[in-house]
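Taking it in order: structure first as C-alpha cells, then the write-up.
The values are calculated or read from the model by the stated rules, or taken from the named source; none is laboratory data. In this text the structure is predicted, and so the values were computed from the model without any measurement. Counting neighbours? That spans all protein chains shown, and the Cβs are built from the backbone with ideal geometry, glycine included.
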Amino acid sequence: MYVCLCHGFTDRQVRAAVTEGAGSPQAVFRHFDSKPRCGKCVSTVRELVDEGKGGCAGGSGGCPCGKRG
C-alpha cells in the first residue's frame, strides 16, 4: 500500500528503511532523501516505525498491549 503519495513510497519500503536502521519518521524521510510535504502520511510512517521497533502502535487501536500513544 502506498504510504506517501507525495513521494510515492510504500509500506514495504518504509519497513525496509526501518530494518536498515531508520528509527523515526524523520529518519525514514532522510532514507528516501525527502521531506514531508502535505504531512498526511507522517502518522502512518510513525506507526510503521513503532511496529518495526517492536513498540506500541500508539492510538491506532492495533496495538496488542492496549496502550495509547
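Listed by first and then second residue, the pairs with beta-carbon distance under 7 Å, at least 6 apart or on different chains, first residue in the range 6-21 and surrounded by fewer than 17 Cβ atoms within 10 Å (Cβ to Cβ), second aliphatic (A, V, I, L, M), are THR10/MET1; THR10/VAL3; ASP11/MET1; ASP11/VAL3; ASP11/LEU48.
A quick yes/no check of all residues on (1) within 9 Å of the chain's Cα centre (by Cα); (2) assigned to a helix (DSSP H, G or I); (3) of a type in the set (S, T, N, Q); (4) modelled with pLDDT under 95:
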position: ALA27; (1), (2), (3), (4): no, yes, no, no
position: ASP33; (1), (2), (3), (4): no, no, no, no
position: CYS56; (1), (2), (3), (4): no, no, no, yes
position: ARG68; (1), (2), (3), (4): no, no, no, yes
